[in-house]
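**Student:** One structure, as structure tokens, below. Some questions next.
The values are calculated or read from the model by the stated rules, or taken from the named source; none is laboratory data. Just so it is clear, the model here is predicted, and its values are computed rather than measured. Cβ sites come from the backbone with ideal geometry, for glycine too, and all protein chains shown count toward neighbours.
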Number of protein chains: 2
Amino acid sequence: MASFPDAVSLLCDFLRFASVSTDPSRAGDVSACAQWLAEHLTEIGLASEVHPTPGHPVVVARNPHKAGRPTVLIYGHYDVQPEDPVELWQSAPFEPEIRNGVLFARGSADNKGQIFAHIQGIAHVLKTKRELPVNLILLVEGEEEIGSPHLEAFLMEHREALRCDIIAVSDTSMVAAGVPTLTYGLRGIAAMEIRVKGPSMDLHSGIYGGAVRNPAVVLAHLLASLHAPDGCVAVKGFYEAVQPLQNWEREAWAAVPFGEKQIEANTGVPAMGGEVEFTALERIWGRPTAEVNGIGGGFQGEGTKTIIPKEVFAKLTFRLVPDQAPEVILAAVERHLREVCPAGVTLEILPGHSGEPYVTDPHSAYGKAAQQALHRVFPGVQIALTREGGSIPIVNTFQRVLGVETLLLGLALPDCRAHAPNENFPVANFGAGILLNQALLEELSKVQES
Amino acid sequence: MASFPDAVSLLCDFLRFASVSTDPSRAGDVSACAQWLAEHLTEIGLASEVHPTPGHPVVVARNPHKAGRPTVLIYGHYDVQPEDPVELWQSAPFEPEIRNGVLFARGSADNKGQIFAHIQGIAHVLKTKRELPVNLILLVEGEEEIGSPHLEAFLMEHREALRCDIIAVSDTSMVAAGVPTLTYGLRGIAAMEIRVKGPSMDLHSGIYGGAVRNPAVVLAHLLASLHAPDGCVAVKGFYEAVQPLQNWEREAWAAVPFGEKQIEANTGVPAMGGEVEFTALERIWGRPTAEVNGIGGGFQGEGTKTIIPKEVFAKLTFRLVPDQAPEVILAAVERHLREVCPAGVTLEILPGHSGEPYVTDPHSAYGKAAQQALHRVFPGVQIALTREGGSIPIVNTFQRVLGVETLLLGLALPDCRAHAPNENFPVANFGAGILLNQALLEELSKVQES
């Protein structure tokens, strides 16, 4: 890395690719982004390759490995969420803009800005010291936002080449600006689309209304049946495998400088919702949910159209905690919905992507090294040990296929607007990420030595 | 009228106007349609005028009125429903096409085909006999599909010029092909849009899910709360003013050659829904409903987007029966929704158009004349005395402002797909409508004489 401004400028180049993995019409942008990234990794001195998959490509880069030092795999993703509703962006989602020291662009926080901080940390060490303190494998995929459908097969196929001792991922958040955060747990996810189909065409609600079941009314009943009045998920068996929260966790989280007040300020909601016997943080980090991500059907235009819609749909995701298994949850929800669904309509259930929840020990040798690196970058500030509500399903795949634990060292902020309009990443956090990468690789190199 | 083929060809010209009254971008098409119609009415020998309103214009035409004969007002509308979803049409909605004797186009049944049958009946009599047997007022408006917001003021302003003895409207259906039908009741309507607003932006469902209320989940609870498990509307006071069905009506309707089997065949639904203690026809003709016409919000694209949507909406209409009052029902529903809605979201309720239910006596002198006209066009077939589930709010306005009852003589068929893709009207029914107009005006002229 020549200079910090150059690093920021390169990040902006990276952000200009509209690498939206869920949109088939953007496959060319995704692929061009992978190509650009691999060329950059070659330029900074790593051996890099673009590996095709049946979906979007995986970029892998490495330094020359030597015996006697640990192998660290740094994982990230170059794909991003869709940018819609695009009219709510203050600046174009794929034209990065810095306002008041904050970089605005789709992917700036999730995950291009964070993985690129690692890359610039590595570039700096390679340029100034010619050598990294560890054996490095950099793995940057293009399908994280759609559930990494081809990464497991890729890991299986390249298991030998990807052998490593520890994995580091920066795709999470700091609990608050300036508070170094080590995340030791993630929620899993299970996705499902449901479609309720009634008449073979939209019907005049006067000519048929009252005698024919309205698919939108049925959908409302199905969705409403997912929650009990106390905020719990009302699907039989949903909580069966849930690990109760430990007392030390509940105490640690109560001390974290982030809670209902910050959530209300960040989101603009007038009041909290959810399970009444848990705090907001506990609900997000340690409790499972059922969410409706989108609904549609019937007349959505201006004015009124007096129809009974032929078909309506809802997109659902369930956030899971240890030891809930996505396939068990999807089956329980399907059973529940089919029980609730009345005659007179057809219910179609399409399972989507899924990922298991994750929890690891923040006090392992590598966990302590990560805490030490955080201390060096944020001297004098107490480290927050947290879980996160989001899902990085690949972390479980790493554990299963490579047998390796993952350190989650996030640098985004809670109001980074990941997945929403005006996604952003403070330029200072990008800088901190560059420093953290250097400290982290040094601290991890000592674990092997000790 | 020169010939029946010419009449069909003129109807096709009428149908080519995309006179969608709810769509502000189509105001030009609506106005061009009114202009074309007025010119045609002048051509056939009526004195016609296009009256501007604050919305779309009203077309009025008349013959020279003479003392000693009844004045008949024939009402119809030249505006149509939106054509979407346009991809489900077999032929373009505004390019009329005749397949197997059936004319397909938006508005073919509702209402251009039916009002134009009256016009061609009048044209034929004017051409062959030079004079109509009654004083005629033809009133064709352009805002029926949006609840006729400016017609009441128009009627008030022109009350003297519109004085009449009886009104005839063909904007309803025959209960089955070949069964002459006199409709003596209509349901009313009350429309409402509800919007549930939560966070000030779409949120990442991992970062916030569980602690923030999801507007789509809240909407589902609101909509689900509108119905009880037995199919009744669960809003307090909803049924308070409902007139119970008379025994003679329930018996007459049970004899009508139309019911669950035909509804299932026409609509493709696998089973009926609705209030369990009423037959399908009773639910449609004599019972009120709460319908969801459309829902939307959050991510509706391809794939998955793991968000908590900032806002979702539903479009609702309530079909009403005597003596329910739209404003009372809208207030009861609003009270109900605000009671059910939890904290953590904002509920916006936007009332839409409304119209009162209607019922008249099919055995009055004019009612008997209408039955006689039906006998002449459909000899030897028993007349079905029915109500309809649709709403023609203007019928109540006629009663209130002009003090006159309305005869409903529909010629559409139950599978005419009004308001849906592939709306259609059999060419034979258009022909029957031309004959019915002639028989009707003759029979009505005798009422005064007797």
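**Student:** Working carefully through the options B:GLY274, B:GLY297, B:GLY303, find the one that is within 11 Å of chain A (Cβ to nearest Cβ), at positive phi and either part of a strand (DSSP E or B) or touching a Leu at 6+ places or on another chain (Cβ under 9 Å) (or both).
**Tutor:** Numbers: B:GLY274 fails: either part of a strand (DSSP E or B) or touching a Leu at 6+ places or on another chain (Cβ under 9 Å) (or both); B:GLY303 fails: either part of a strand (DSSP E or B) or touching a Leu at 6+ places or on another chain (Cβ under 9 Å) (or both).
Just one listed residue meets the conditions, B:GLY297.
**Student:** Then there's this: Answer yes or no: is there a residue in the stretch A:43-63 that is free of Cβ contacts under 8 Å to residues at least 12 places away in the same chain and closer than 19 Å to A:ASN437 by Cα. Spell out the reasoning first.
**Tutor:** First pass over the stretch A:43-63, keeping only residues free of Cβ contacts under 8 Å to residues at least 12 places away in the same chain: A:43, A:52.
Among the residues that remain, those that are also closer than 19 Å to A:ASN437 by Cα are: A:43.
Scanning the stretch A:43-63 turns up at least one residue that is free of Cβ contacts under 8 Å to residues at least 12 places away in the same chain and closer than 19 Å to A:ASN437 by Cα.
**Student:** Same structure, new question: Going by what's in this entry, would A:ILE122 be described as among the hydrophobic types (A, V, I, L, M, F, W, C) and either in contact with a helix residue (DSSP H, G or I) (Cβ under 8 Å, 6 or more places away or on another chain) or within 14 Å of chain B (Cβ to nearest Cβ) (or both)?
**Tutor:** Working: among the hydrophobic types (A, V, I, L, M, F, W, C): yes; either in contact with a helix residue (DSSP H, G or I) (Cβ under 8 Å, 6 or more places away or on another chain) or within 14 Å of chain B (Cβ to nearest Cβ) (or both): yes.
Judged against the criteria, A:ILE122 is a match.
**Student:** Scan (1) within 22 Å of the chain's Cα centre (by Cα); (2) over 18 Å from A:GLY206 (Cβ atoms) for the single condition B:LYS236 breaks and write down its number.
**Tutor:** Failing condition for B:LYS236: (1).
**Student:** Here's something else I'd like to know. Can you give me the number of residues within the stretch A:146-175 that are farther than 17 Å from A:VAL404 by Cα, crowded, with 16+ Cβ neighbours inside 10 Å and not aliphatic (A, V, I, L, M)?
**Tutor:** Initially, the stretch A:146-175 is screened for residues farther than 17 Å from A:VAL404 by Cα, giving A:146-150, A:171-175.
Narrowing the set further to residues that are crowded, with 16+ Cβ neighbours inside 10 Å leaves A:146-148, A:150, A:171-175.
Those still in the list that are not aliphatic (A, V, I, L, M) too: A:147-148, A:150, A:171-173.
Number of matching residues: 6.
**Student:** If I ask for residues that are surrounded by fewer than 24 Cβ atoms within 10 Å (Cβ to Cβ), within 9 Å of another protein chain (Cβ to nearest Cβ) and within 29 Å of the chain's Cα centre (by Cα), which ones from the stretch B:192-221 would you list?
**Tutor:** Listed by number, the list holds a single entry, B:GLU193.
**Student:** Can you tell me which of (1) at pLDDT 95 or above; (2) touching a helix residue (DSSP H, G or I) at 6+ places or on another chain (Cβ under 8 Å) is the one B:SER148 doesn't meet?
**Tutor:** (1)
**Student:** Would a scan of the stretch A:394-413 turn up a residue that is among the acidic types (Asp, Glu), within 29 Å of B:TYR208 (Cα to Cα) and buried (at least 24 other Cβ atoms within 10 Å of the Cβ)? Before you say what the answer is, go through the steps one by one.
**Tutor:** The first filter runs over the stretch A:394-413 and keeps only residues among the acidic types (Asp, Glu), leaving A:405.
Within this subset, residues satisfying the condition of being within 29 Å of B:TYR208 (Cα to Cα) are A:405.
Adding the requirement that they be buried (at least 24 other Cβ atoms within 10 Å of the Cβ) leaves none.
Taking every residue of the stretch A:394-413 in turn, none turns out to be among the acidic types (Asp, Glu), within 29 Å of B:TYR208 (Cα to Cα) and buried (at least 24 other Cβ atoms within 10 Å of the Cβ).
**Student:** Among the small types (Gly, Ala, Ser), over 30 Å from A:MET201 (Cα atoms) and more than 8 Å from chain B (Cβ to nearest Cβ): does that describe A:ALA280? Lay out the reasoning, then the answer.
**Tutor:** Working: among the small types (Gly, Ala, Ser): yes; over 30 Å from A:MET201 (Cα atoms): yes; more than 8 Å from chain B (Cβ to nearest Cβ): no.
Taking the combined requirement at face value, the residue does not satisfy it.
**Student:** Let me ask something else. Can you pull out the residues in the stretch A:176-190 that are within 18 Å of the chain's Cα centre (by Cα) and either crowded, with 24+ Cβ neighbours inside 10 Å or more than 30 Å from A:VAL242 (Cβ to Cβ) (or both)?
**Tutor:** Scanning the stretch A:176-190 gives A:THR183, A:LEU186, A:ARG187, A:GLY188, A:ILE189, A:ALA190.
**Student:** Here are some conditions: (1) modelled with pLDDT of 90 or more; (2) surrounded by fewer than 21 Cβ atoms within 10 Å (Cβ to Cβ). B:GLY274 meets all but one. Which one does it not meet?
**Tutor:** (2)
**Student:** Return the residue satisfying two criteria in turn: it lies in the stretch A:429-450 and is within 11 Å of A:GLY113 (Cα to Cα) and out of contact with any strand residue (DSSP E or B) (no Cβ under 8 Å at 6 or more places or on another chain), and of such residues it is nearest to the other protein chains (Cβ to nearest Cβ). Full working, then the answer.
**Tutor:** Start the filter on the stretch A:429-450 by keeping residues that are within 11 Å of A:GLY113 (Cα to Cα), which leaves A:429-431, A:433-434.
In the following step, the residues that additionally are out of contact with any strand residue (DSSP E or B) (no Cβ under 8 Å at 6 or more places or on another chain) were identified as A:431, A:433-434.
Numbers: A:GLY431: 23, A:GLY433: 19, A:ILE434: 24 Å.
Applying the filter and picking the extreme gives A:GLY433.
**Student:** Consider B:GLY231 carefully, then state whether it is over 26 Å from B:VAL328 (Cβ atoms) and either more than 7 Å from chain A (Cβ to nearest Cβ) or at pLDDT 95 or above (or both). Let's see the steps before the verdict.
**Tutor:** Values: over 26 Å from B:VAL328 (Cβ atoms): no; either more than 7 Å from chain A (Cβ to nearest Cβ) or at pLDDT 95 or above (or both): yes.
Taking the combined requirement at face value, the residue does not satisfy it.
**Student:** Sticking with this one: Taking the stretch B:290-325, which residues are crowded, with 22+ Cβ neighbours inside 10 Å and either of a type in the set (S, T, N, Q) or modelled with pLDDT under 95 (or both)?
**Tutor:** Selection gives B:ASN293, B:THR304, B:LYS305, B:THR306, B:THR317, B:GLN324.
**Student:** If you don't mind, there's one more thing I want to ask. Condition (residue is of a type outside the set (A, V, I, L, M, F, W, C) and closer than 20 Å to A:ALA252 by Cβ) applied to the stretch A:331-352: is it met by at least one residue? Show your work before the answer.
**Tutor:** Going residue by residue through the stretch A:331-352, those that are of a type outside the set (A, V, I, L, M, F, W, C) are A:334-336, A:338-339, A:342, A:344, A:346, A:348, A:351-352.
Of the ones still in play, those that are also closer than 20 Å to A:ALA252 by Cβ are none.
Among the residues of the stretch A:331-352, not one is of a type outside the set (A, V, I, L, M, F, W, C) and closer than 20 Å to A:ALA252 by Cβ, which makes the answer no.
**Student:** Can you give me the ranges of the strands (runs of 3 or more DSSP E) entirely in the stretch B:309-402 with at least 3 residues that are in contact (Cβ under 8 Å) with a residue 40 or more places away in the chain, of a type in the set (Gly, Ala, Ser) and within 14 Å of chain A (Cβ to nearest Cβ)? Lay out the reasoning, then the answer.
**Tutor:** On the way: elements: B:311-320, B:346-355, B:384-388.
Result: B:346-355.
**Student:** For the stretch A:11-28, give me each residue that is assigned to a helix (DSSP H, G or I), touching a residue at least 24 places away in the same chain (Cβ under 8 Å) and surrounded by 19 or more Cβ atoms within 10 Å (Cβ to Cβ).
**Tutor:** At the first step, the residues of the stretch A:11-28 found to be assigned to a helix (DSSP H, G or I) are A:11-15, A:24-28.
Within this subset, residues satisfying the condition of being touching a residue at least 24 places away in the same chain (Cβ under 8 Å) are A:11-12, A:14-15, A:27.
Residues satisfying the conditions are A:LEU11, A:PHE14, A:LEU15.
**Student:** What are the pairs with Cβ atoms under 6 angstrom where one residue, in the stretch B:278-294, is in a loop (DSSP other than H, G, I, E, B) and the other, located anywhere, is among the aliphatic types (A, V, I, L, M) and at pLDDT 95 or above? Sequence gap at least six, or different chains.
**Tutor:** B:PRO288/B:LEU320; B:PRO288/B:VAL321
**Student:** Return only the number of the condition from (1) surrounded by fewer than 22 Cβ atoms within 10 Å (Cβ to Cβ); (2) in contact with a Lys or Arg (Cβ under 9 Å, 6 or more places away or on another chain); (3) within 7 Å of another protein chain (Cβ to nearest Cβ) that A:VAL242 does not satisfy.
**Tutor:** Among (1) surrounded by fewer than 22 Cβ atoms within 10 Å (Cβ to Cβ); (2) in contact with a Lys or Arg (Cβ under 9 Å, 6 or more places away or on another chain); (3) within 7 Å of another protein chain (Cβ to nearest Cβ), A:VAL242 violates only (3).
**Student:** Only strands (runs of 3 or more DSSP E) wholly contained in the stretch B:29-137 count here; list those with 1 or more residues that are crowded, with 20+ Cβ neighbours inside 10 Å. Reasoning before the result, please.
**Tutor:** Numbers: elements: B:47-51, B:58-62, B:71-77, B:97-99, B:102-104.
Result: B:58-62, B:71-77, B:102-104.
**Student:** Another question, then. Being within 7 Å of chain B (Cβ to nearest Cβ) and not small (Gly, Ala, Ser) is the filter; apply it to the stretch A:257-271 and report the residue that is surrounded by the most Cβ atoms within 10 Å (Cβ to Cβ). Don't jump to the end; show me each part of the working.
**Tutor:** First, pick out the residues of the stretch A:257-271 that are within 7 Å of chain B (Cβ to nearest Cβ): A:263, A:267-271.
With the extra rule that they be not small (Gly, Ala, Ser), the set shrinks to A:263, A:267, A:269-270.
On the way: A:ILE263: 22, A:THR267: 23, A:VAL269: 27, A:PRO270: 14.
Residue satisfying both the conditions and the ranking: A:VAL269.
**Student:** Could you tell me whether the stretch B:342-358 includes any residue that is within 30 Å of B:PRO133 (Cβ to Cβ) and crowded, with 17+ Cβ neighbours inside 10 Å?
**Tutor:** Yes: the stretch B:342-358 contains one or more residues that are within 30 Å of B:PRO133 (Cβ to Cβ) and crowded, with 17+ Cβ neighbours inside 10 Å.
**Student:** Take the residues of the stretch B:372-390 that are surrounded by fewer than 18 Cβ atoms within 10 Å (Cβ to Cβ) and of a type outside the set (A, V, I, L, M): which is nearest to B:ALA224 (Cα to Cα)? Step through it out loud before you land on a result.
**Tutor:** Restricting attention to the stretch B:372-390, the residues satisfying the condition of being surrounded by fewer than 18 Cβ atoms within 10 Å (Cβ to Cβ) are B:372, B:375-376, B:379-383.
Subsequent filtering for residues that are of a type outside the set (A, V, I, L, M) retains B:372, B:375-376, B:379-380, B:382.
Details: B:GLN372: 47, B:HIS375: 46, B:ARG376: 49, B:PRO379: 48, B:GLY380: 48, B:GLN382: 42 Å.
Out of the qualifying residues, it is B:GLN382.
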